[in-house]
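Beneath this line is the structure, given in structure tokens, with notes to follow.
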């Protein structure tokens, strides 16, 4: 009889942190896969979350370490293929996770905790499947938990919960980015890359040079060194919202506490 191991694949993002905290008593292991291209403040956030969770966060890393190394190792001539898959995700995240599974699956079944919010449990624009369902379909041999989605929590409300807990979110959010991804994420659009050009000019120059080296682009055929500096849009930062769960004094017990708050103060929703 195999044991079911519940694992949070902690991304060092706000949504992932709050999702992990909500089901912390059910989690056996918390694992963070580090990439050297993360903002240096990320490790501060990991340590703060470790204290908040009251459980250790295991840190692992691919031998490729960086987005540039993954790109070169893949031999791909584009930042991502038409299905949206990227060599950095494959080499720096998925391969590390799969190697961990191989080492641990002999005696265990796996239940994974993810940070998708309630909006990511709905069909995507122009499609008929949500991010949650897409992940389930891509990993059918594991169980999957989506604590934010299952509790009706939005990304903004997750940020509110973290704020209420007194934890400073990663620096990338404070700089106006909507995720704590690698600096210079190859999935970014024109507006994102023009913001990187301003905030991290050395990264912008390095990615532009890498595009030319491999002969492929991040933005659907638009070379970064030819990108119009005013192209694209800036979606702005994630603004914290305090919904019912944020008002709970214990975010791991949302329903009971939140109900009491709303009975006494209907405006704080």
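Derivation of every value follows stated rules applied to the coordinates shown; laboratory data play no part. Since this is a predicted model, take the numbers as computed values, not measurements. Here the Cβ positions follow ideal geometry from the backbone for every residue, glycine too, while neighbour counts run over all protein chains shown.
Couple of notes before you dig in:
- Spacing of the two label points (7 Å from each Cα toward its C-beta) at residue 121 and residue 90, in nm: 3.2
- Euclidean distance of C-alpha centroids, the range 105-174 and the range 7-50, integer Å: 12
- In terms of surrounding Cβ atoms within a 10 Å radius of their Cβ, 116, 43 rank from fewest to most as 43, 116.
- Only Cα sites of the range 130-217 enter the Debye sum here, all with the same form factor; the resulting log10 I(q)/I(0) across q = 0.13 1/Å is -0.67, listed in q order.
- Of the residues 31, 196, the one with the fewest other Cβ atoms within 10 Å heads the list, and the complete ranking is 31, 196.
- Ordered by the number of other Cβ atoms lying within 10 Å of each residue's own Cβ, fewest first, 167, 153, 35 fall into the sequence 167, 35, 153.
- Volume per residue of the convex hull around the Cα atoms, evaluated for the range 104-181, comes out as 138 Å³.
- Per-pair calculated FRET efficiency, R0 = 30 Å: residue 223 and residue 144 via Cβ, rounded to 0.05: 0.20
- Compactness of the range 5-66 is given as radius of gyration and Dmax, 11.4, 33 Å, from Cα positions.
- For the range 3-264, the calculated P(r), taken from all Cα-Cα distances in 10 Å bins from zero up to the bin holding the longest distance, is 6, 27, 36, 23, 7, 1, 0 percent.
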